[in-house]
Every structure is written in C-alpha cells, then in structure tokens.
Amino acid sequence: MPMHLDAESACNADTDPAFAPDDLAAETMTAMAVADPGARGAWRPVDMPIPAPGRGEVLVRVLSAGFGHWDVLERAGRLGASTATDFVSGSEGAGTVVEVGAGVHHVREGDRVCGLVMTRRPGYGFHAQFTLVDAHHLWRVPAGLPLQQAAALPVDGGLAMHAVDAALRIAPGDALLVFGASGGIGHMALQFARLRGARVLAVASGRDGQALAERLGADMAIDGRRHDMAAALRIFAPAGLDAALLTADDGPIAATAVAALRPGGRLAWPHGVRPPPARADIAAVAFGARAGAEHVHAACRAIERGPFHLHLGARLPLSRIAEAVEALEGHHLGRIVLDVP
C-alpha cells in the first residue's frame, strides 16, 4: 500500500468519521505502545483497558493523531518519558468527547476537540483509540477544520501563534521573514502573521514548499535551496526586516536573517533550533512547548476568522506508525498525521 506523502486531496475530500457509542461497548482499546524505550522500531500494538476520566479530565475517542520529531525522541527515551512497558505515545490529536470528569464544563459529550497530553504516563497518549486529556489542554476544533488537520494543531499551531503573538509581537504592516515556511510551525506562522496584516517573505524547502507558501498567502516566497535570500531581502525589505522567525537550522541563512533586521527588530526560534548569531540592538528569544500550549486557544480563534489551511504532507494509518518515521526523516511539507481506527 503506497504511503500518502501528499495527503491534501484525501484530507479535503474526507468528512469527520462519526463516533459510534458502540465503541464503548468493549472494555479494551487498541493502542500503539512503546514496549522498550530506546529501541528502534519499539512500537507495537497492544490491547489496554479503556480509562475512565477523573476530576478535571476528559475521555476522548481519538480519530486522528499528530506525529512529530518529539514522538521519535520520546520513543528513544530522550524526553523524560516513562520507561514502563506498554507506554502509549502521542502528544497531540483530535477526536470526539465521550465522557467528562467532575469539574469540566467547557466541553461536553459529542464535541469535536483537539488536545495535548503534556505529561506522559503509562496508558496515556493519542496513539490509541481512547485517551484521557486534562481539560485545560483540550480545545474545541474550529468550525470547518477537519479533525485530521486539527490533530496536528496543538503542538505546532500553539508554537506558531506564540511566535507571532508573544515572541515577535507582529503588527499590521510589519515585514516578517519566516524561514522554514513549508514546515509545521512555519506554514502556520505565515498564515497567522498574514491574518494580522503583516507582509511575509517565506523561505521554504524545495519547489513544492515554495508553491505551498505562495498558496498560503506569502507576499514573496523563495526556495531556500535554490534562491539567494540576501537578494530577496533587498527587494522585500530594503529598509530592513521588522521581525524574523527561524524554524530550521541553517547557519548562513540565520546569519543573513539577523543581519537584515533593522535596529530594534525582533528575532525568535523554537527550542531545538540552534541559537542564531547575537546582535545587541535586536530583541531575540527562544520558546518551547509549554509556551505554545498557552496559545492554542488563540490559534483556534484565528482559524475561526480565517482563511486558514493546515497542510498534511503525509497521512498514514496508526498501524503503520513505523513508516511515519521514514516520512518524517524525508522531505515533506506541513505535518504528518496518523488515522486511528
């Protein structure tokens, strides 16, 4: 069965699968568990009891789950995750509320939701048919956004909104550079910035990445592999950039971006990207997952206003999670998701 490396048409054609109450008739669920953290290919299918929500928790029937570099790091035991046998991975996903615990009032049974599991415990995670989510890390899916796309919103969508809103304080008319504009954070930050009235120079990966950035509304888009970014900057922002977001590692491009910022400009990058060269007359800040989690609600509000598109470059069934690693390590645009049966 071929891998869907460009899942766009499939996702657009799909409607959200309906949750069937009979799903709860069984007492167990299927999950992909990490049986031996640190071992390559350690995921394996297991049957586990369907959990019950405690106070402040929500039981979600998972219909799609995000997959990112953090899942590979977690499997390798490099994110402080549990080393218990049958440790269920999956930090983010989307589905339907099945049951709410005491004290939960902002969602109810049947709601379309997306969420984060910030602290992993044995038996928890979105790479399963059901998961428990802290109500504070669960959001209603914006109207019109398919659940398959919403599954990849909480991590990168929150980070992208944090970058635009808090780290870079993007305002109407700002000249913004987004490096990595065809990646998970970058392609969403591009759109959030445009919704705020900023002008965006998108530096993407490959011709297909450049074309994606153009479709998403970039004022200028270039292929970082082929085009001269310094020349593009002279055309795009002759008086200097107001802000730059670096979502990928490239020393020469980072140095060029820093040099192009006007005095008083703003620079930001997510944890995991090497810090760019320092400059005394600009504001520079790194940001991480917890800051992103605080901005998912704002991302959902922006998506409601739209237009917005979360691009899925690869979409696979949960049972083929090992192939998602290959897709992640290869050239892909946007995000990767796993469909949960």
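Before moving on, here are some points about what is shown:
- Checked against the criterion of being closer than 26 Å to Ala259 by Cβ, modelled with pLDDT of 95 or more and either open to solvent by 20 Å² or more (accessible area, probe 1.4 Å) or within 17 Å of the chain's Cα centre (by Cα) (or both), the candidates Leu233, Leu190 yield just one match: Leu190.
- When segment 274-286 is limited to residues that are touching a Leu at 6+ places or on another chain (Cβ under 8 Å), touching a residue at least 24 places away in the same chain (Cβ under 8 Å) and surrounded by fewer than 19 Cβ atoms within 10 Å (Cβ to Cβ), the one that is nearest to Met118 (Cα to Cα) turns out to be Val285.
- Checking each residue in segment 225-265 for being free of Cβ contacts under 8 Å to residues at least 60 places away in the same chain, acidic (Asp, Glu) and in contact with a strand residue (DSSP E or B) (Cβ under 9 Å, 6 or more places away or on another chain) picks out only Asp228.
- Among the candidates Ala230, Ala167, the residue that is closer than 20 Å to Gly272 by Cα and of a type in the set (A, V, I, L, M) is uniquely Ala167.
- Taking first residues from segment 325-337 that are under 14 Å from Ser205 (Cα atoms) and partners that are part of a strand (DSSP E or B) and not hydrophobic (A, V, I, L, M, F, W, C), the Cβ contacts under 6 Å between residues at least 6 apart in sequence or on separate chains come to His332/Gly313; Leu333/Gly313; Gly334/Gly313.
- Residue that is farthest from Phe179 (Cα to Cα), among those in segment 236-250 that are touching a Lys or Arg at 6+ places or on another chain (Cβ under 6 Å) and either open to solvent by 10 Å² or more (accessible area, probe 1.4 Å) or at pLDDT below 95 (or both): Gly240
- Residues being open to solvent by less than 30 Å² (accessible area, probe 1.4 Å) and either in a helix (DSSP H, G or I) or of a type in the set (Asp, Glu) (or both) are represented in segment 301-314 by at least one member.
The values are calculated or read from the model by the stated rules, or taken from the named source; none is laboratory data. Every value quoted in this text rests on a predicted model; they were computed, and no experiment measured them. Every residue, glycine among them, receives a Cβ derived from its backbone with ideal geometry; neighbour counts consider all protein chains shown. Surface accessibility is based on the protein's heavy atoms, side chains included, excluding ligands, DNA and RNA. Shrake-Rupley method; radii C 1.70, N 1.55, O 1.52, S 1.80 Å.
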